[in-house]
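The values are calculated or read from the model by the stated rules, or taken from the named source; none is laboratory data. Bear in mind the structure is a predicted one, so any value in this text is a computation, not a measurement. In this analysis, Cβ positions are derived from the backbone assuming ideal geometry, glycine residues included, and neighbour counts consider all displayed protein chains. Only protein heavy atoms, including side chains, enter the accessible area calculation; ligands, DNA and RNA are left aside. Shrake-Rupley method; radii C 1.70, N 1.55, O 1.52, S 1.80 Å.
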Amino acid sequence: MADITKFLFMHHLRANTTAHVRHLRRGKLAHDGAGQAFWFRPLTAALSEIPIDDREQPLMFHARTLDFQDVTVQATITFRVADPAVAAMRVDFGIDPKTGVWRGSPLEQLGGLLTELAQQHTLELIAHMSLPQALAEGLSAVRERINSGLSADQRLTDTGLAVIDVRLVAVRAEP
C-alpha cells in the first residue's frame with residue numbers, strides 16, 4: 001500500500017520497492033516505475049499501484065475421475081506481474097489519491113483468473129484418469145498439465161502475468 005501524506009493542497013506519495021506506481025496527470029503519464037516518490041494534486045491525479053513481487057495463489061478444488069470417483073486437488077501457483085503497464089490497463093489497480101488504498105480488489109481478480117485456468121486444465125486431465133491412476137500419477141501429471149497450460153495461455157500474457165511455479169500439495173480421494 002502506498003504511503004500518502006497531505007500538505008495543504010499537495011499530497012506526497014511514497015511507494016515500496018515492490019510496487020510499480022503509475023501516475024497520470026490530466027491523462028498523460030507523469031510518473032511510472034517501482035518505488036516512486038513524488039508530489040501530486042489529488043484532483044488531477046489518477047494513480048495505480050501494481051505489485052511486482054512474487055505472489056502465491058492457493059488452490060483447492062474437486063474433480064471427478066473416469067470411474068466417477070471424487071478427488072480433491074490442492075496446489076499453489078506462484079506468479080508475478082511481469083508487465084505492470086499492461087496489467088494496469090487490463091485490471092483496475094487504481095488507488096485512492098487521499099488514502100493510497102486500492103479502490104477495487106485486483107489481486108482477487110488475478111487469483112480468480114489463475115484458479116479458473118488451473119482448474120480447467122486439471123479437470124480435463126483427471127476426467128481421463130481412473131481413481132488408482134489419479135492417486136498414483138496425479139501429482140506429476142497435474143503439475144505438468146497446469147504448467148504447460150498456463151504458460152501457453154494467451155490470457156495471462158494479455159494481462160501482464162507470468163507464472164513462476166506450480167506446486168501440487170496433494171491429490172486425494174474423497175470418502
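Mind checking whether some residue in segment 61-72 is small (Gly, Ala, Ser), touching a residue at least 12 places away in the same chain (Cβ under 8 Å), surrounded by 18 or more Cβ atoms within 10 Å (Cβ to Cβ) and touching a strand residue (DSSP E or B) at 6+ places or on another chain (Cβ under 7 Å)?
yes
If you take the residues of segment 151-172 that are free of Cβ contacts under 8 Å to residues at least 40 places away in the same chain and surrounded by 13 or more Cβ atoms within 10 Å (Cβ to Cβ), which of them is farthest from Met89 (Cα to Cα)? Reasoning before the result, please.
As a first pass, look at segment 151-172 and keep what is free of Cβ contacts under 8 Å to residues at least 40 places away in the same chain: 151-154, 157.
Still in the running and surrounded by 13 or more Cβ atoms within 10 Å (Cβ to Cβ): 153, 157.
On the way: Asp153: 19, Thr157: 13 Å.
Here the answer is Asp153.
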Given the structure, is Arg90 open to solvent by 20 Å² or more (accessible area, probe 1.4 Å) and touching a strand residue (DSSP E or B) at 6+ places or on another chain (Cβ under 9 Å)? no
Given the options Ile77, Ile126, name the one that is more than 30 Å from Ala15 (Cβ to Cβ) and of a type in the set (Val, Ile, Thr). Ile126
Identify all residues within segment 114-125 that are in contact with a Lys or Arg (Cβ under 7 Å, 6 or more places away or on another chain) and in contact (Cβ under 8 Å) with a residue 40 or more places away in the chain; write none if there are none. Thr122
Name the one entry in Thr5, Thr18 that is free of Cβ contacts under 8 Å to residues at least 12 places away in the same chain and more than 30 Å from Arg172 (Cβ to Cβ). Thr5
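Give me the residue from segment 93-106 that is surrounded by 15 or more Cβ atoms within 10 Å (Cβ to Cβ) and out of contact with any Gly (no Cβ under 9 Å at 6 or more places or on another chain) and, out of that set, farthest from Val163 (Cα to Cα). Even if it seems obvious, please write down each step before you answer.
Of the residues in segment 93-106, the ones surrounded by 15 or more Cβ atoms within 10 Å (Cβ to Cβ) are 93-95, 97, 100, 102, 106.
Subsequent filtering for residues that are out of contact with any Gly (no Cβ under 9 Å at 6 or more places or on another chain) retains 95, 97, 100.
Details: Ile95: 25, Pro97: 31, Gly100: 27 Å.
Per the criteria, the residue is Pro97.
Within segment 13-56, count every residue that is among the β-branched types (Val, Ile, Thr), part of a loop (DSSP other than H, G, I, E, B) and either open to solvent by less than 70 Å² (accessible area, probe 1.4 Å) or under 17 Å from Trp102 (Cβ atoms) (or both).
Residues flagged as among the β-branched types (Val, Ile, Thr), part of a loop (DSSP other than H, G, I, E, B) and either open to solvent by less than 70 Å² (accessible area, probe 1.4 Å) or under 17 Å from Trp102 (Cβ atoms) (or both) within segment 13-56 amount to 3.
Results for (1) closer than 30 Å to Ser130 by Cα; (2) among the aliphatic types (A, V, I, L, M), shown as yes or no for each residue.
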position	(1), (2)
Met1	no, yes
Lys6	no, no
Gln36	no, no
Phe68	yes, no
Ala75	yes, yes
In a strand (DSSP E or B), of a type in the set (S, T, N, Q) and crowded, with 19+ Cβ neighbours inside 10 Å - does that describe any residue in segment 1-11? no
Could you run through segment 113-136 and say how many residues are closer than 30 Å to Gly94 by Cα and either in contact with a strand residue (DSSP E or B) (Cβ under 9 Å, 6 or more places away or on another chain) or open to solvent by less than 30 Å² (accessible area, probe 1.4 Å) (or both)? 6
